[in-house]
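Contents: one structure, followed by commentary.
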Amino acid sequence: MQFKIGLALSGGGARAIAFHLGCLRALEDLGLLSKVSVLSSVSGGSVIAALYAYNDESFAEFENRVQTLLRKGLVGGIAQQSLFSPETPKIVAAQLTSGICAAVGCLVRLGGNALALAGVDRNSIGQFTKPFQAPFPRFASRSTAFERHLRKHVFGELTVNQVARKRLHVVFNAAELITGTAFRFGSRETGTWRYGLLTGAPPHVSKAVSASACFPFLLPSFDEYMEFEKHGQKTRRRVMLTDGGIYDNLGITCLLPGRSAEFSTNVSEVDYIIACDAGQGMPSGLSRPYHWPSRMLMTVNTIHRRTHSLSYELLHRMKDTGQIKGFLLPYLGQIDERLPYITDDLVRRHETFDYPTDFSPMKKIDVERIGLRGEQLTRLLFDHYQFSL
C-alpha cells in the first residue's frame, strides 16, 4: 500500500534553511525524501523548498547550491536591487507617494477625531475618512527588490506550476493582512479562501518565495491588486501579502486531515506528516525587551512558540485518534534532555538555537553545525519511533 507523506519546512530565515538542509539530508539517506507527495513551506523554509522542488539535480548538487546561497546570503542582493537597479526609482517614487498619502491621511483622521469630539456621528466620519486610509498600493519596496533578486539570480522565470520533482505538490505559505487569512501559492492552485483562486498565469516562484519570506519587521508587505474567482464569480481585490509565519510558522495547516476546500486552499490528504521546526524554543532568559522593537519582536516570538505548542498537541491528538498514521517532529530548539536518547556526537541545542533568523551571510562552520543538528535529530527520531511505511 502506498502511503502519502506531507513534509513541512518552518520559517526561521537562514537558520531555517541550514537546519532544513540537515533534515532533508537525513530524509534522503533514509529513502523518505523521494516519497514525499506534498511539500509545504514558510519563509526561510520556502527558500530551500523552492531550491529543491524546482530542480531535479542530485541531492549532492542541491546541497552544494544551498550551502553556497547560505554563505553568500540574500541581504546583499536585496540591497543591490533596492539601491542600484531599475527597481530603485520605483521604490523612491513609492516612498514619496506613500509618505504624502500618509501625511494627508493623518491630517484627515485628526480632523475626524476633532469632529467626533464635537458630537458628529462617527459612522459618517468613518465613511469620509476611509478613502484616505492607504489609498494607493505600495507598488515598489525592498520586498519587490527581494523578488527581483530571486528572479534574476536564483529562480529565473520559473513559475509555481513548473515543479521538477515528479509527483510532488508544492505549497508556499504567506499571510494576507487585509483579511487576516492564509494565502497559499501552490503548484496546483494559488489563492486565499476569502477571495478564491487566482486567475491568469501562474505566479513566479520568486514571487511566491519572497512573499512567504518578507518578515514584516524588515520587509514591507506586497501590496497589489489581483484577480480571483470564487463560485464562478470573478473579482479584483487588493491584497497585502507578508511572511507566512504570521499565520502558521510551522506550515502544517494545509496538511491536516479533514480540512474543507471551501475554507482552505491547497488542501491535501496525507497519512504521515514530517514537520521540521527551526524555531528557537524557550528563550534563554537573558534578553530584556525594553524598547518598542525588542518588545514587538518578543511578542511575535511568544505567539510563534504558543502556536507551535498548539500544533504539536494537535499532531499528537491526530496520531492518537487515528486521523494520521504518524509524524516526525525534528525541532532545533528541542531541550536535549527531553530527547528519547542522546548520542555522544549530538550537536547540542545551546550551540545553535539562538542563531539569527535574517538572511545575512553565514559562516561555513555555522551552516555545518546547524545542518548537522537537523540531520541528527531527524535520524534519532526516525530510529526511536520506528517510523516505517
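Per-structure values
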{"item": "Fraction of beta bridges assigned by DSSP in the chain that are antiparallel (%, nearest 5)", "result": "55 percent"}
{"item": "Distance from the range 154-196 to the range 323-368 (C-alpha centre basis), Å", "result": "27 Å"}
{"item": "Carbon/sulfur fraction of accessible area - the range 1-90, other protein chains in place, 1.4 Å, %", "result": "54 percent"}
{"item": "Restricting the range 16-72 to chymotrypsin sites (Phe, Trp or Tyr not before Pro) in coil, as DSSP defines it, with at most 14 other Cβ within 10 Å", "result": "none"}
{"item": "Positive-end residue, the range 241-348 charge dipole about Cα centroid, Cβ charges, pick of V267, T321, H291", "result": "H291"}
{"item": "Candidates P203, P86, P293, ranked by Gaussian network fluctuation over the chain, Cα under 10 Å, top entry", "result": "P293"}
{"item": "Heavy-atom accessible area per residue - the range 1-86, 1.4 Å, Å²", "result": "34 Å²"}
{"item": "Neighbour cut-off at most 12 other Cβ (10 Å), DSSP loop, chymotrypsin sites (Phe, Trp or Tyr not before Pro), the range 224-266", "result": "F263"}
{"item": "Segment R65-Q233, length gained on full extension (0.36 nm per residue, minus Cα span)", "result": "56.2 nm"}
{"item": "Within the chain, longest stretch free of exposed GluC sites (Glu not before Pro) [DSSP loop, at most 10 other beta carbons within 10 Å]", "result": "1-156"}
{"item": "Computed lengthening from D344 to R288, 0.36 nm per intervening residue step minus Cα-Cα distance", "result": "16.8 nm"}
{"item": "For the chain, calculated [θ]222 nm from helices alone, where every DSSP H run of n ≥ 4 adds -39500 (n - 2.57)", "result": "-13500 deg cm²/dmol"}
{"item": "Rounded to whole Hz, the Karplus (6.51, -1.76, 1.60) HN-Hα couplings of the range 19-28, x for glycine and proline", "result": "5, 5, 4, x, 4, 5, 4, 5, 5, 5"}
{"item": "Percent carbon-and-sulfur accessible area, the range 243-306, ignoring ligands, DNA and RNA, probe 1.4 Å", "result": "61 percent"}
{"item": "Furthest towards positive pole of dipole, F59, S41, F353, structure part the chain, Cβ charges", "result": "S41"}
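The values are calculated or read from the model by the stated rules, or taken from the named source; none is laboratory data. Note that this is a predicted model, so its numbers are computed, not measured. As a convention, Cβ positions derive from the backbone with ideal geometry for all residues, glycine included, and neighbour counts pool all protein chains shown. Heads up: the accessible areas ignore ligands, DNA and RNA and are worked out on the full protein's heavy atoms, side chains in. Shrake-Rupley method; radii C 1.70, N 1.55, O 1.52, S 1.80 Å.
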